[in-house]
Amino acid sequence: MGNFDFDSMLGHDIPCTCGRTHSTDVQKIYLGSDAIDVLVATVQEMGFSHPFVVSDLNTWKAAGEAVDAALRGAGIACAHIVLPYDEPIPDEHVIGEIFCAMPQETDLIVCAGSGTLNDTCKFISYRAKIDYMVFATAPSMDGWVSIGAPLIINHMKVTIDTHGPLAVFSDPAVLAASPAKMINAGVGDVLGKYTALIDWRFSRIVNGEYVCDATVDNVRKALDLVSSNAEAIASREPEAVLTVMEGLLLTGIAMAWIGNSRPASGCEHHMSHVMEMRLQIDGKKAVLHGAKVGIDLIYCLEMYRMLAEEQIDWDAARAKPFDKDKWVEFTRRVYKIAAPEIEALEDKVDKYNIEARNARLDVLEREWPRMVQMMHDELPSPDEIRRIYQVLGAPAKPSDVDIDADLFCDSILAGRDVRTRWTMLQLLWDLGLDEEYAQRVHKMLEA
Ligand SMILES: [Zn+2]
Ligand SMILES: [Zn+2]
């Protein structure tokens, strides 16, 4: 079933034209109506005897209960926890709850759930030095097979390197029955790769960063698959909803191949990380990762469109000073209690170094016509993405998910500080356009 031969990408080393050899921890991906039976058979084949099934209130009903019953039915001594939440946050508290409920003899965690639960199980199994598998209940995010576990530790959004699952299972009917907002979030997370990919390729031009073109092509396939299926996804055809899951798995494999999230996370994700941290710090209700990324994508495309039309004053950009005091003040206002970690990160990476910026500007000035051409050739227009969201009924602006325009535009300026990675957000600062663009987006949101 499906559009891709995942087996060809798993279980062995893949020598690549980029000069590296790629691999993932994942041994098996199975998407089909008999996925629970295949999961049980895989647990037995791999010789596990004490699986621990982790679910929350929703995912227990969607699949956890059936997975637990099937394992017991096969005579396997299994334990489980149903976290008493609809949408658990991957923080110290939830990590602790799962750890406390996990029997000593557990040799395998079986996560029956969606994004955050998968991240949490990934982390716990890694720290406990046991394996994990996942039965995906919703195609909501792309972290299924990647080694990074995005968690909220001490109110800070951090991604900890762990391991991938041994196997991923899902049933198209379960995916198609998942809440529309989860499916739409998955679509947003896939489509966000438009800006992630161009950020990555621009960084090769500007910073000489390593890029794997085969991986870029793979992620592009995921983009095409999802963007051409919007109508059928909206009407919940299982085969179409399956393409969202396939797109997410492909981008996940891309991250595993590269060893970090570069192929899947650029400016759109960095904005999302800032907002995620702030909603958490301010005690506000979390917004699904993919929903935020999907909205950020539209405005990152708007900013890329502005850049493609910009008449850049290169000498003015080179002469622009950096006011560290002003930056510290801004950082403390936006990041609040997480500010010390952001400042410590900047002390380490020194991304506001004027000499280094001016060296980047030299390259940018030389390469700008080619980069503008890439913006035209490789990026969809923001209106194309809006049309897809309209078909899906997906959120398209910050107010659709109760994020205010001020926080949204602060994330344009603060997003470059949340990671060490060079993206369009840093490009805007390099060009001296960051504040102007944030204001222009603010005006768009008021209109
Ligand atoms: Zn490669
Ligand atoms: Zn993502």
Checklist entry - ALA77 versus (1) of a type in the set (A, V, I, L, M); (2) surrounded by fewer than 17 Cβ atoms within 10 Å (Cβ to Cβ); (3) touching a Leu at 6+ places or on another chain (Cβ under 8 Å): which is the lone unmet condition? => result (3)
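Per-residue answers, yes or no, for (1) within 16 Å of ligand 1 (Cβ to nearest atom); (2) more than 26 Å from LEU427 (Cβ to Cβ); (3) assigned by TED's automatic domain parsing to the domain that holds ILE337:
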| site | (1), (2), (3) |
| --- | --- |
| ASN218 | yes, no, no |
| ALA230 | no, yes, no |
| ARG236 | no, yes, no |
| LEU250 | yes, yes, no |
| SER261 | yes, no, no |
| LYS292 | no, no, yes |
Checklist entry - What is the number of the single condition among (1) more than 28 Å from the chain's Cα centre (by Cα); (2) under 17 Å from THR120 (Cβ atoms) that PHE52 does not meet? => result (1)
Checklist entry - If you scan the stretch 185-216, which residues turn out to be assigned to a helix (DSSP H, G or I), more than 16 Å from ligand 1 (Cβ to nearest atom) and closer than 25 Å to LEU175 by Cβ? => result ALA185, GLY186, VAL187, GLY188, ASP189, VAL190, LEU191, LYS193, TYR194, ALA196
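Being more than 16 Å from ligand 2 (Cβ to nearest atom), out of contact with any strand residue (DSSP E or B) (no Cβ under 6 Å at 6 or more places or on another chain) and among the small types (Gly, Ala, Ser) narrows it down to one residue among ALA196, ALA177, ALA167; which is it?
Answer to the check: ALA177.
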Checklist outcome for this item: Matching residues in the stretch 322-364 (among the acidic types (Asp, Glu), surrounded by fewer than 12 Cβ atoms within 10 Å (Cβ to Cβ) and touching a residue at least 12 places away in the same chain (Cβ under 8 Å)) number 0
Next on the checklist: For the stretch 179-195, which positions are surrounded by fewer than 24 Cβ atoms within 10 Å (Cβ to Cβ) and in contact with a Ser or Thr (Cβ under 7 Å, 6 or more places away or on another chain)?
Outcome noted: MET182
Checklist entry - Where residues in the stretch 265-289 are under 16 Å from the mean Cα position of the chain (by Cα) and modelled with pLDDT under 95, which of them is nearest to ligand 2 (Cβ to nearest atom)? => result HIS289
Checklist outcome for this item: Scanning the stretch 412-447 residue by residue, the ones that are buried (at least 23 other Cβ atoms within 10 Å of the Cβ), of a type in the set (Val, Ile, Thr) and not in a helix (DSSP H, G or I) total 2
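Quick grid of which residues meet (1) among the hydroxyl-bearing types (Ser, Thr, Tyr); (2) farther than 21 Å from LYS292 by Cα; (3) without any contact (Cβ under 8 Å) to a residue 24 or more places away in the chain:
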{"residue": "LYS221", "(1), (2), (3)": "no, yes, no"}
{"residue": "ASP224", "(1), (2), (3)": "no, no, yes"}
{"residue": "SER227", "(1), (2), (3)": "yes, no, no"}
{"residue": "SER235", "(1), (2), (3)": "yes, yes, yes"}
{"residue": "LEU242", "(1), (2), (3)": "no, yes, no"}
{"residue": "THR251", "(1), (2), (3)": "yes, no, no"}
{"residue": "SER261", "(1), (2), (3)": "yes, no, no"}
{"residue": "HIS270", "(1), (2), (3)": "no, no, no"}
{"residue": "MET277", "(1), (2), (3)": "no, no, no"}
Checklist entry - Which residue out of GLY47, GLY64 is more than 16 Å from ligand 1 (Cβ to nearest atom) and touching a Ser or Thr at 6+ places or on another chain (Cβ under 6 Å)? => result GLY64
Next on the checklist: within 30 Å of GLU378 (Cα to Cα), surrounded by fewer than 24 Cβ atoms within 10 Å (Cβ to Cβ) and among the β-branched types (Val, Ile, Thr): is that true of THR159 in this structure?
Outcome noted: yes
Item to check | Members of the stretch 383-426 found to be among the hydroxyl-bearing types (Ser, Thr, Tyr) and closer than 30 Å to TYR210 by Cβ, listed by number | outcome: SER411, THR420, THR423
Item to check | Failed item, numbered, when HIS12 is tested on (1) closer than 18 Å to ALA167 by Cα; (2) away from ligand 1 (no atom under 16 Å from the Cβ); (3) outside any strand (DSSP E or B) | outcome: (2)
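The values are calculated or read from the model by the stated rules, or taken from the named source; none is laboratory data. In this text, all values refer to a predicted model and were calculated from it rather than measured experimentally. Cβ sites come from the backbone with ideal geometry, for glycine too, and all protein chains shown count toward neighbours.
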